[in-house]
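Any read-out appearing in this document is the output of simple, stated calculations on the displayed coordinates, not a laboratory observation. For clarity, every value in this text was computed on a predicted model and none was experimentally measured. Note that we place each Cβ from the backbone using ideal geometry, even for glycine, and neighbour counts take in every protein chain shown.
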Ligand code: N01
């Protein structure tokens, strides 16, 4: 049915006594609720929407404070479900004002005749699931109660204002206003002494306008926030023309983007750009006046790496100091306690310049906390400020406040949502909760919501939910409920995603830190809008994975499981590789495969700088071999790590693991010598193994010449290189030297058997395939030779070997033989540290600056190397030479 015709359709709700019977009850008539009503009607469901306010608009109905505007460009903050609607409305400004946005919602409500199914001035007081009737029973404070099959909370993320939590508010004799509940008729502040408490988006938007009216304005700031100029005006030409040229493409790009606004993924990392280049990018972003631009388009590591992020903070501090004339005030306004973007930054118009006005005073509550509000004003540790009006811009009980305001919400077996969420919200996809059948949340905790353009996220949620309800009806199911496994898996995935970003380093309303006593934890999903959409689609594509479906005349269906077990960045990498439609390496022949690898490696981020990179030749088992040496920037001499690259004994060279070698060098503070050993098929077994031993012997004999610290060496390797490293340890023990102090084995090949479970579990789909391993073995080693411990070190004598650190990855065919090797070493009395990296694939840990969740694993490897060398496990770092501050990875 065309959207335009849906308005004519009746929801056909019925009243039985004092109860209204509907298929679906929706709470909230804001952006989400209005679209839900339209879409549900169109799908043939009877619907009622319950709304506390007197009209439509949700957050835009309540937030009428001076200066209230959208901070996502309004071209992007629009419904897209109906192209005719999209064309019928044109925004007058880049960032529309609250009145214009409210007019838009009224326009939408009129266009689809939505109001007749909305019960205004009505609150849902309680919601109870009736297991026998398989319906939700909703008690309201106005009019009949409601019985519905499906209960959808479209209550908004920022709709429950937080109490001021300051003693004495009730004693104050002047006027008190909350930005989130601003009087509809406006407030005249002319000639008044006004206090504003709070400098989040609401405070920062309203302060300049209040300052223009008030006789005097005192701003009470607890935490300074980053704000950038909105440069409001007409929608900018570049976006407008892209939008006008191809609206469908524009909207589609937004749907698959990171934040719900059509910007590409930035690829240049901060340390690859010069100071001048970074400044140029920053100035462009500052001039663009666009939060999503500055949050995503400066450099690729801005949101994931502390150092890359800190560069932005410094540049913004410069801007603040350039505008604010009083140095002390400028310093107080400059945020220092959180990374840029970890707390929601603000868009402003003349915010910082407002502090140059003679009638504006900033009170820094970090230096002089508020003691009390009295009848005549506000008293801090240092002063008493007399005021006529107090404006609380103190924010919201975000994300869960409005959901928990309906109390109780009781699911199966009388379970109350407030009990289930006592330790923080638990959801599957941010949409559903185990134990609460047929309950849905739009942009609930666990979904991208407030970290995205809400318009895009809301439409995605509404489409997904309504399509599921229609599918249930078509297949005879009447209930849908998340499983505990799926929900726990989602919590783990959320945690994995959050280790990627810097949000966890800030106390914000994203984490519940703004509400005293609220359990803290990052509530929105940080994995991005596009990845989230693909996961929701995957849930459906895999037969409603993680949901139990029941119906009176159909067999119960429960497709239990976790939708994402991979680390989020590994999932993205695999997705990108799949899109590239790469050839099967083993189909290319050995030379073709080498050429492919060389080309492939050109696309990866260059490794970070080390003190010095050199190259030379060393003596292998049968002639000279090239090597590459990475020296730390710190004063030497340093211990030497002999490194063997991966590539199945067929591919790669001393340069092919360059970023990983640099990373090891920086993190361990050691010299890394990467050896270009001989490859098959030109040189089959035992050439590589013997080269490994010979190279290590040569390096041991030339330690001083290489600038290394006298004493035992360390060996390390990845994949087939780890096979060579551990074989070298066995040979060194058996042949009387050289001395090796420790071995780092990353995803090692340790045995020629293919029947371990990991070969079956991870045969395809995770980059290193079973077929590729077969091919490597065939090229390297004849079947008769494979049981030789120089090929299969697991079959050798493991006693008296150097201590080892063995890293294995969950989704790697080689996982189990690596674990078995570590266990066998331990059984043989060798000290072993094991790291089983959850959610990683064979190559993730060496994909430096691509797989960020591998950082903590690499940090642990470096610590192990330092421990082997008798150094303190943690490297003292300083200034430029420091390894990047580790973003905690989820390696287990
Ligand atoms: O709320 P906030 P907001 N004593 O929580 C301070 C969206 N929004 O309404 O940071 C003293 O950000 C508190 O201090 P601190 C947007 O997503 C969008 O401004 O907790 N101070 C903080 O400074 C935004 O992020 C638009 O130390 C107290 C301020 O009050 C979100 O809504 C416009 C205090 C609260 O800031 C929330 O913004 C407006 C106390 N007891 C809002 N309690 C658009 O443009 C709190 N504070 C679309």
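Can you work out the FRET efficiency for the pair residue 606 and residue 89, with r the C-beta to C-beta distance and R0 = 35 Å, to the nearest 0.05? The value I calculate is 0.15.
Taking segment 302-326 and a reference point 7 angstrom along Cα→Cβ of residue 279, the backbone N atoms nearer than 18 Å belong to 310-323. Note: relative contact order over segment 323-418, using C-alpha pairs below 8 Å and six or more positions apart, is 14 percent. Between the Cα long axis of helix 275-288 and the first principal axis of the chain there is an angle of about 20°, rounded to the nearest 10. Each of residue 735 and residue 520 was given a label point 7 Å from its Cα along the Cα-to-Cβ line. The distance between the two points is 5.6 nm.
Sorting the segments 643-654, 626-637, 51-62 by their mean number of nearby beta carbons within 10 angstrom, highest to lowest, gives 643-654, 51-62, 626-637.
Here the peptides 712-723, 473-484 are ranked by packing, the mean other Cβ count within 10 Å, and the order with the highest first is 712-723, 473-484. Highest mean packing comes first when the peptides 210-218, 88-96 are listed by Cβ atoms within 10 Å, giving 210-218, 88-96.
Helical content alone sets the calculated 222 nm signal of the chain at -10000 deg cm²/dmol, taking -39,500 (n - 2.57) per DSSP H segment of four or more residues and averaging over every residue.
When only Cα pairs below 8 angstrom with a gap of at least 6 residues are kept, the chain shows a relative contact order of 10 percent.
Relative to the longest principal axis of the C-alpha atoms of the chain, give the angle of the C-alpha long axis of helix 201-213, reported between 0 and 90° and rounded to the nearest 10°. Taking the Cα atoms of the chain, the angle to 201-213 is about 50 degrees. Normalising the average separation of contacting C-alpha pairs (under 8 angstrom, six or more residues apart) by the number of residues puts the relative contact order of segment 199-264 at 20 percent. What the pair-distance distribution of segment 592-715 shows, using all Cα-Cα distances binned every 10 Å from zero, is 14, 45, 33, 9, 0 percent. Relative to the longest principal axis of the Cα atoms of the chain, the long axis of helix 770-780 lies at roughly 20 degrees. A simple spin-label model places the labels of residue 617 and residue 538 4.9 nm from each other, with each point 7 Å out along Cα-to-Cβ.
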